[in-house]
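Following: one structure in structure tokens, then a few remarks.
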Amino acid sequence: MKKLLILGGGTAGTMMLNKLNGVLDANDWQITIVDQFETHYYQPGFLFIPFGIYSKKDVVKPKRDYFPTGTNVVMSEIDKIEPNENRVLLKNNQVLTYDVLIIATGSKISPDEIEGLKDELWFKNIFDFYTIEGACALAGFFKNWQGGKLVLNIAEMPIKCPVAPLEFVFLADWYFTERGIRDKVEIHFVTPLPGAFTKPKASSILGDFLDKKNIKLTSEFSIAKVDNENKKIISWDEKEVPFDVLVSIPPNMGDEAIARSGMGDEFNFIPTNKHTLQSDNYKNIFIIGDATNLPSSKAGSVAHFEADILFENILSYINGEPLRASFDGHANCFIESGFGKGILIDFNYDTEPLPGKFPLPGVGPFSLLEETKMNHYGKVMFRWMYWNQLLTGKELPIESNMSMAGKRG
Amino acid sequence: MSELTLARDADGNLANKADWNEEAALMLAKEEGIELLNERRWVVINFMRKVFEEKGDAPSIRRLTKESGINTKELYELFPGGPAKKAAKIAGLPKPKGCI
Ligand SMILES: Cc1cc2nc3c(=O)[nH]c(=O)nc-3n(C[C@H](O)[C@H](O)[C@H](O)COP(=O)(O)OP(=O)(O)OC[C@H]3O[C@@H](n4cnc5c(N)ncnc54)[C@H](O)[C@@H]3O)c2cc1C
């Protein structure tokens, strides 16, 4: 009996499990999945919690509901991987061996990396919304807030879902307008990037949206520390931005288990072949989702496209064939922009987000890099698709590799 | 040698790594508002080139801080504005891919 082991039962791990289960012969292969927590969080939903649109109950389901029967499920923290021994040590003292390993341990925020961030004001005037705890605490704060300086700061790139911070300030503009206190709230977007987003065309168009919505942009700001006493953030080159409430996107890093295994880079992300998703260093290890070091966005949609490619390559690997399927870096992100509208971007390693139309059979075209109601429905629909189609490994009506159809160059 | 003779990429970095030498480095530094390449700056530039040689990409600030022996504060003093981006340019390398 051969063993296929999946580390991490989040978005990517669950998808791979569902795709491989039933395809690998159950007489030859045993599939095991390991995770430390029983609850699956729909992370894209965290964005809506601070504004009272979703609450915790809207974003949680038991992980096991999405694991097919017959799967060997182990609930324990992973201590470390020993890639030369083909085995994984767990915190519950279990040792798991494998023939093929899929690592899908994701990424998470590390507020401790920034001096003064997780200090006196943490969860009083400083919040994150990349965790369920942060998002809920911020919802509580906003409910009674009467206005002042709202600063959103991205500490360092790369971060997962790089559009989420922009969506956050767009939604804040809408939320405080609805509450009738928009004139009392100064919204300030502070980023280490040279503009609103990572890619030039989208950055300029999204920058215009910030302007239009009266959101102040400070670019090339690399945070060194937070001054809790005087409520300001200070950059390495000593620029200062004062805040009444700071919404921070702390550095995003891979899990410490990756560092303990000696398998990660300076962010604990794992060196991965950007086309085949095979580990650069070990032939029987594959990596998917936020845990990779790929120069693509870290997003659920990206993990989904990767899953189609990885599924084929795992089968090829098992059959002793060359890895033929090639990932192109495809990302497809709905950007919620407030007032019931949204913006859509679609891009890959080589093609930056472009304006135009995005065809979707049966649902109709979405507009790229434009604010429309249809794009908002796309975002709303994503949650349903996530639980009902994406996680279960079903085919979505979107190609895994990017298409130029409808795009204007 | 003048600026005109060296081919550039879309970011204004050298298009051909082979065009790089100490003289080119100084010229690129001046474009970035850095008048002098002192010993500390060379530590960073040489580290950038070494990592690029090994990994095919210039290092992030986090990696620079961790491994070059120069802390973040000093990196920003040596290369005001954007250490990783500026030092990569002066080292004759393409802009770090790092962030998406
Ligand atoms: C606020 C926010 C908004 C977002 N919006 C969008 C969006 O609109 N669209 C989109 O496509 N994506 C979005 N994303 C990104 C998306 O949620 C992630 O990219 C996706 O979940 C990554 O999947 P993953 O499987 O790689 O990691 P995860 O889903 O995070 O799963 C990792 C799993 O590994 C487990 N694990 C890690 N380390 C260990 C260990 N040592 N031992 C045991 N278990 C371990 C964790 O418990 C977890 O279950 C958003 C993310 C956030 C935070």
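The values are calculated or read from the model by the stated rules, or taken from the named source; none is laboratory data. Model, not experiment: these values are computed from the prediction. In this analysis, Cβ positions are derived from the backbone assuming ideal geometry, glycine residues included, and neighbour counts consider all displayed protein chains.
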Somewhere in the stretch B:52-65, is a residue surrounded by 14 or more Cβ atoms within 10 Å (Cβ to Cβ), more than 9 Å from chain A (Cβ to nearest Cβ) and over 23 Å from A:Glu113 (Cα atoms)? yes
Is there a residue in the stretch B:26-43 that is in contact (Cβ under 8 Å) with a residue 60 or more places away in the chain, more than 20 Å from A:Gly195 (Cβ to Cβ) and in a helix (DSSP H, G or I)? yes
Restricting the search to the stretch A:83-97, which residues are surrounded by fewer than 15 Cβ atoms within 10 Å (Cβ to Cβ) and either touching a Leu at 6+ places or on another chain (Cβ under 8 Å) or part of a strand (DSSP E or B) (or both)? A:Val95, A:Thr97
Could you tell me whether A:Lys143 is surrounded by fewer than 23 Cβ atoms within 10 Å (Cβ to Cβ), in contact (Cβ under 8 Å) with a residue 24 or more places away in the chain and in a strand (DSSP E or B)? no
Go through the stretch A:157-177 residue by residue and tally those that are more than 15 Å from the ligand (Cβ to nearest atom) and of a type in the set (A, V, I, L, M, F, W, C). 2
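Yes/no per residue for (1) surrounded by 15 or more Cβ atoms within 10 Å (Cβ to Cβ); (2) in the same structural domain as A:Ile343 (by TED's automatic domain parsing); (3) touching a Leu at 6+ places or on another chain (Cβ under 9 Å); (4) not acidic (Asp, Glu):
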site: A:Gly362; (1), (2), (3), (4): no, yes, no, yes
site: A:Leu368; (1), (2), (3), (4): yes, yes, yes, yes
site: A:Thr372; (1), (2), (3), (4): yes, yes, yes, yes
site: A:Gly378; (1), (2), (3), (4): yes, yes, yes, yes
site: A:Trp384; (1), (2), (3), (4): no, yes, no, yes
site: A:Ile398; (1), (2), (3), (4): yes, no, yes, yes
site: A:Ser403; (1), (2), (3), (4): no, no, no, yes
site: A:Gly406; (1), (2), (3), (4): yes, no, yes, yes
Can you name the number of the only condition in (1) within 8 Å of the ligand (Cβ to nearest atom); (2) out of contact with any His (no Cβ under 8 Å at 6 or more places or on another chain) that A:Thr14 fails? (2)
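Condition check ((1) of a type in the set (Gly, Ala, Ser); (2) under 30 Å from A:Ile31 (Cβ atoms)) across all residues:
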position: A:Ala137; (1), (2): yes, no
position: A:Lys160; (1), (2): no, yes
position: A:Val169; (1), (2): no, no
position: A:Phe176; (1), (2): no, no
Tally, over the stretch A:325-366, of residues that are touching a strand residue (DSSP E or B) at 6+ places or on another chain (Cβ under 7 Å), in contact (Cβ under 8 Å) with a residue 60 or more places away in the chain and not acidic (Asp, Glu): 10
Picked from the stretch A:239-279 (must be hydroxyl-bearing (Ser, Thr, Tyr) and not assigned by TED's automatic domain parsing to the domain that holds A:His188), the residue surrounded by the most Cβ atoms within 10 Å (Cβ to Cβ) is A:Thr272
Here are some residues: A:Phe334, A:Phe347. Which one is buried (at least 21 other Cβ atoms within 10 Å of the Cβ), within 14 Å of chain B (Cβ to nearest Cβ), under 18 Å from the mean Cα position of the chain (by Cα) and of a type in the set (Phe, Trp, Tyr)? A:Phe347
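Table: residues versus (1) touching a strand residue (DSSP E or B) at 6+ places or on another chain (Cβ under 9 Å); (2) more than 15 Å from the ligand (Cβ to nearest atom).
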position: A:Val23; (1), (2): no, yes
position: A:Ile53; (1), (2): no, no
position: A:Ser76; (1), (2): yes, no
position: A:Ile81; (1), (2): yes, no
Could you tell me whether A:Glu133 is in the same structural domain as A:Pro158 (by TED's automatic domain parsing), part of a loop (DSSP other than H, G, I, E, B) and either modelled with pLDDT of 95 or more or exposed (fewer than 14 other Cβ atoms within 10 Å of the Cβ) (or both)? no
Could you tell me whether A:Val100 is of a type in the set (A, V, I, L, M), surrounded by fewer than 16 Cβ atoms within 10 Å (Cβ to Cβ) and away from the ligand (no atom under 12 Å from the Cβ)? no
When the stretch B:79-99 is examined, which residues are found to be buried (at least 19 other Cβ atoms within 10 Å of the Cβ) and either part of a helix (DSSP H, G or I) or of a type in the set (A, V, I, L, M, F, W, C) (or both)? B:Phe79, B:Pro83, B:Ala84, B:Lys85, B:Lys86, B:Ala87, B:Ala88, B:Lys89, B:Ile90, B:Ala91, B:Leu93
A:Asp119 vs (1) surrounded by fewer than 18 Cβ atoms within 10 Å (Cβ to Cβ); (2) assigned to a loop (DSSP other than H, G, I, E, B); (3) within 16 Å of the ligand (Cβ to nearest atom): all pass except (3)
Pick out, from the stretch A:209-301, the strands (runs of 3 or more DSSP E) lying fully within it that include 3 or more residues that are under 18 Å from the mean Cα position of the chain (by Cα), within 11 Å of chain B (Cβ to nearest Cβ) and more than 15 Å from the ligand (Cβ to nearest atom). none
With the checklist (1) buried (at least 22 other Cβ atoms within 10 Å of the Cβ); (2) more than 14 Å from chain B (Cβ to nearest Cβ); (3) near the ligand (Cβ under 8 Å from one of its atoms) in hand, flag the one item A:Gly45 doesn't pass. (1)
Residues of the stretch A:141-157 that turn out to be more than 14 Å from chain B (Cβ to nearest Cβ) and under 21 Å from the mean Cα position of the chain (by Cα), as a count: 2
Within the stretch A:302-337, tally of residues that are among the aliphatic types (A, V, I, L, M) and part of a helix (DSSP H, G or I): 8
